[in-house]
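For reference, the structure discussed in these notes is given below.
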Amino acid sequence: MRKMAMLEVKDLKVSYGAIQAVQGVSFRLDKGEIVALIGSNGAGKSTILRTISGLERAKGGSILFEGEELVRLKAHKIVERGIAHVPEGRRVFPGLTVTENLRMGANLLRDKAKITESLGKVFDIFPRLKERERQQAGTLSGGEQQMLALGRALMTEGKLLMLDEPSMGLAPIIVEEIFEVIKRINAMGTSILLIEQNAFLALNTASRAYVLETGKITMEGDSKALLDDDRVKAAYLGA
Amino acid sequence: MKGKKWIKAVYPAAVVALIYLLVTALRGVGIMNGYYNQVLMFAGINIMMTASLNLVNGFTGQFCIGHAGFMSLGAYGAAVVTSMLFKNTDSVFVFLLGLVAGGFAAMIAGMLIGLPSLKLKGDYLAIVTLAFGEIVRALLRLVKPIGGARGMIGIPGYANLGWILFFMALTLFLLRNLIHSPFGRAFIAIRDNEVAADAMGINTTKYKMTSFCIAAFIAGVAGGLYAHVISFIQPDNFSFTKSADFLVYLYAGGSGSLTGSVVGATLLTILPEFLRFLADWRLAVYAVILVLVMLYRSEGLCGGLELPFMRIRRQELYEEPLFGKKTKGKGEQA
């Protein structure tokens, strides 16, 4: 028998009114892995993440995190379980300073020493944020805001980090930097569930991947294998 | 450094005390008459209303458009205590008890309508509070023991400028410290991005309720003061027009700025009185002035700005907090 997955999604169904955005999706993520969900616009990738973190309600199916059912839990309870979500489009709090944004991420931690420690860790990973410590988050550049959103998610000290389109709207050089950091965070022991439209980038970062089309998983497997797959190449890599 | 901190803490209170002394002195030499005095009292009450509305609309990013409903509950609650329950006792404590009762009446109503509507994201609060204001008005007209549509008369005139300035200063002091506490940080996070706040593990419903109930309580106290200034209240005093007035004060002054609430409420309370010499043109000129404000200062007169003593510099927040416990690393009590 395989060991228990960290995150196991079974037959997940989510609808917006009459539209079924996710139609019975199943996938798993083991501890320490980077798993990517790739697919075009409207395939239901973000919906899946939003459902895992409790921002959407599932119509059916189950989401097991370390053996515990998440489907009926509220968003803030799910964060307590150790899942950090970086929502699409760099949703920082523009009215708060960089440090305050990071502290918002730690709002479930009680231990002061622990918060200071995580803060140090985040500043270590993103020295750029340290420089801008006291600046209002709304005045940061796009790349810096993405770093802040990532850093804020790290502050929750979660075991699983879910990233929704971290490359969106960023210059290629910044994207490269962000993905380097993602790999580093993974190497430090955090499992990562990654959503990306840029399939090439995602497949090069992740160890395994699932291909999503209009709410269903059509392909899955080792990312190296998917990179060589003709159908994936034709549909997502533009080859 | 110690002395500077002390001055910073006492400075706002000194300003308020100075206003009071100045007005008293002016009344003594006859420049200030009862009418001016009453306008100032209304300005103080309106500042309390606007600042509390600011907590919900400006800092927590919700949209309450029935704030006069809470004011009326507070006014009636306080008036019932002072002119019915303790009719024959003439004491400051009765007055204070009335104000607190009014505040709680408004806060309980806020809880009741907040619970269903603040669990949702979006504009539901606006719809519910709009209806709430009108329902309260309609219901109060039906309750015979408190005068029905005729209203309550003969409420003792306990409130004077001193009391109003005191409660106004207290409100601003509490709101300022609240906004710079971990609670305030959570409010601003919800305003800036509710989804992200949710994803960060902030119990958004809880914080929205907290902000809304505090605002309702302050509005109730302000209503209680109002009742004891004009000593006659009727349900139609607190119509939607009144709620709209507070919204105008808030947005003309600048939402998300306590200084803005003070400036907006003060100027726009005094302005229509000042314009009385224009007779029929008064409201037209008032409207034109508002349009000009919106054209040239679309964020409100003080949008994004705070006077030094209305602000705790966020940069200093983690090094040397001025009031209360250290916020450093405290985190939200989830």
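Which of the numbered conditions does B:Asp245 fail, given that it passes all the others? Conditions: (1) within 30 Å of B:Ala287 (Cβ to Cβ); (2) within 14 Å of another protein chain (Cβ to nearest Cβ).
Status for B:Asp245: all satisfied but (2).
I'd like to know if the stretch B:203-219 contains one or more residues that are facing another protein chain (nearest Cβ under 7 Å), of a type in the set (Val, Ile, Thr) and either farther than 14 Å from B:Ile45 by Cβ or within 17 Å of the chain's Cα centre (by Cα) (or both).
no
Picking from B:Glu319, B:Glu299, which residue would you name as being open to solvent by 40 Å² or more (accessible area, probe 1.4 Å), within 14 Å of chain A (Cβ to nearest Cβ) and modelled with pLDDT of 75 or more?
After ruling out the rest, the residue left standing is B:Glu299.
State all residues of the stretch A:67-113 that are at the interface with chain B (Cβ under 7 Å from one of its Cβ atoms), at pLDDT 85 or above, in a helix (DSSP H, G or I) and open to solvent by 40 Å² or more (accessible area, probe 1.4 Å); if no residue qualifies, say none.
A:Glu80, the sole residue that qualifies.
Conditions tested, residue by residue: (1) surrounded by 24 or more Cβ atoms within 10 Å (Cβ to Cβ); (2) aromatic (Phe, Trp, Tyr); (3) within 15 Å of the chain's Cα centre (by Cα).
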position: B:Trp6; (1), (2), (3): no, yes, no
position: B:Ala14; (1), (2), (3): no, no, no
position: B:Leu22; (1), (2), (3): no, no, no
position: B:Thr50; (1), (2), (3): yes, no, yes
position: B:Leu55; (1), (2), (3): yes, no, yes
position: B:Gly69; (1), (2), (3): yes, no, yes
position: B:Ala75; (1), (2), (3): yes, no, yes
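For the stretch A:183-227: of the residues being among the aliphatic types (A, V, I, L, M) and within 17 Å of A:Lys10 (Cα to Cα), which is most open to solvent (accessible area, probe 1.4 Å)?
Per the stated criteria, the residue is A:Ile217.
Give me the residue from the stretch A:162-177 that is of a type in the set (A, V, I, L, M, F, W, C), open to solvent by less than 30 Å² (accessible area, probe 1.4 Å) and in contact with a helix residue (DSSP H, G or I) (Cβ under 6 Å, 6 or more places away or on another chain) and, out of that set, nearest to the other protein chains (Cβ to nearest Cβ).
Once the filter is applied, the top-ranked residue is A:Met162.
Confirm whether A:Thr116 is of a type in the set (Ser, Thr, Tyr) and buried (at least 22 other Cβ atoms within 10 Å of the Cβ).
So A:Thr116 does not fit the description; no.
Given A:Gly143, A:Gly158, which one is buried (at least 21 other Cβ atoms within 10 Å of the Cβ) and either within 14 Å of another protein chain (Cβ to nearest Cβ) or in a helix (DSSP H, G or I) (or both)?
None of the other options fit; the residue is A:Gly158.
Which members of the stretch A:64-75 meet the condition of being closer than 17 Å to B:Asn203 by Cβ and over 16 Å from the mean Cα position of the chain (by Cα)?
Residues satisfying the conditions are A:Leu70, A:Arg72, A:Leu73, A:Lys74.
Could you tell me whether B:Phe183 is within 28 Å of B:Ser72 (Cα to Cα), open to solvent by 20 Å² or more (accessible area, probe 1.4 Å) and either among the hydroxyl-bearing types (Ser, Thr, Tyr) or within 14 Å of chain A (Cβ to nearest Cβ) (or both)?
Against the criterion (within 28 Å of B:Ser72 (Cα to Cα), open to solvent by 20 Å² or more (accessible area, probe 1.4 Å) and either among the hydroxyl-bearing types (Ser, Thr, Tyr) or within 14 Å of chain A (Cβ to nearest Cβ) (or both)), B:Phe183 qualifies.
Across the stretch B:141-164, what is the number of residues that are out of contact with any strand residue (DSSP E or B) (no Cβ under 9 Å at 6 or more places or on another chain) and part of a helix (DSSP H, G or I)?
Adding up the residues that qualify gives 11.
Could you list all residues from the stretch B:57-107 that are in contact (Cβ under 8 Å) with a residue 60 or more places away in the chain, polar (S, T, N, Q) and not in a helix (DSSP H, G or I)?
Scanning the stretch B:57-107 gives B:Thr60, B:Gln62.
B:Ala197: open to solvent by less than 10 Å² (accessible area, probe 1.4 Å), within 14 Å of chain A (Cβ to nearest Cβ) and touching a residue at least 12 places away in the same chain (Cβ under 8 Å), yes or no?
no
Any residue at all in the stretch B:243-255 that's open to solvent by less than 40 Å² (accessible area, probe 1.4 Å), modelled with pLDDT of 90 or more, among the aliphatic types (A, V, I, L, M) and out of contact with any helix residue (DSSP H, G or I) (no Cβ under 8 Å at 6 or more places or on another chain)?
yes
Of the numbered conditions (1) within 8 Å of chain B (Cβ to nearest Cβ); (2) free of Cβ contacts under 8 Å to residues at least 40 places away in the same chain; (3) among the aliphatic types (A, V, I, L, M); (4) outside any loop (DSSP other than H, G, I, E, B), A:Leu55 satisfies every one except a single condition; which is it?
Looking at each condition in turn, A:Leu55 falls short on (4).
Give the residues of the stretch B:143-180 that are within 14 Å of chain A (Cβ to nearest Cβ) and among the hydrophobic types (A, V, I, L, M, F, W, C), sorted by residue number.
Answer for the stretch B:143-180, where residues must be within 14 Å of chain A (Cβ to nearest Cβ) and among the hydrophobic types (A, V, I, L, M, F, W, C): just B:Ile179.
May I ask you to verify whether B:Phe95 is buried (at least 20 other Cβ atoms within 10 Å of the Cβ) and under 30 Å from B:Asp198 (Cβ atoms)?
Spelling it out, it is not the case that B:Phe95 is buried (at least 20 other Cβ atoms within 10 Å of the Cβ) and under 30 Å from B:Asp198 (Cβ atoms).
The values are calculated or read from the model by the stated rules, or taken from the named source; none is laboratory data. Note that the coordinates shown come from a computational prediction; the quantities given were computed from them, not determined experimentally. So basically every Cβ, Gly included, is an ideal-geometry build from the backbone, and we count neighbours across all protein chains shown. Just so you know, the surface numbers come from the protein's heavy atoms only, side chains and all, with ligands and any DNA or RNA stripped out. Shrake-Rupley method; radii C 1.70, N 1.55, O 1.52, S 1.80 Å.
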